[in-house]
Ligand SMILES: [Zn+2]
Ligand SMILES: [Zn+2]
């Protein structure tokens, strides 16, 4: 279903990123302060153990690897490193490319993207482009892929924070 799962973790006020590769059966923890996070691997194994009991699909032989994150040199950019590392992983580029020197520009870049997303919602058509009957006022976001759809086009009556769109239903059923 998914190739990897990204799990941001707040470890005593410090943000780190756990990445589970389902195909490799590897759990990587990216920490910009290079701490030891075996305990989260243990949490993962515990979760998998319960899951294996409940499911016919057995996911076994897990391995823990310390992910390569650039080192954070200040006291407030751990969250920035989490997002930079996550974006590098999704785009399949080396995580070490993003460094402390990029944090400030990266923060602005994220802000801009979030604001653009807000602006997009004022546009007329939604992400069901071909059959969109917009403009409509009410929107809903897919909890899985983040697409914004008109509630009318998606044929949704009630706001639902765990709504999954038609595209994701088709992909992941
Ligand atoms: Zn629409
Ligand atoms: Zn979706």
* Separation in nanometres of the label points that stand 7 Å from Cα toward Cβ, at residue 156 and residue 47 -> 2.3
* **Distance (nanometres) between label positions extended 7 Å along Cα→Cβ at residue 147 and residue 58** => 3.7
* Of 93, 128, 9, how do they rank once you tally other Cβ atoms within 10 Å and put the fewest first? -> 93, 9, 128
* **Potential lengthening between residue 9 and residue 169 on full extension [0.36 nm per residue; Cα-Cα distance subtracted]** => 54.9 nm
* **Globularity ratio of the chain, using Cα Rg and 2.2 N^0.38 Å** => 1.23
* How far is it, in nm, from the label point at residue 66 to the one at residue 101 when both lie 7 Å from their Cα along the line to the Cβ? -> 2.5
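A short reminder: the numbers here are calculations on the coordinates, not readings from a lab. All of these numbers come straight from a predicted model, not from anything done at the bench. All Cβ positions, even for glycine, are placed from backbone atoms using ideal geometry, and neighbour counts span all protein chains on display.
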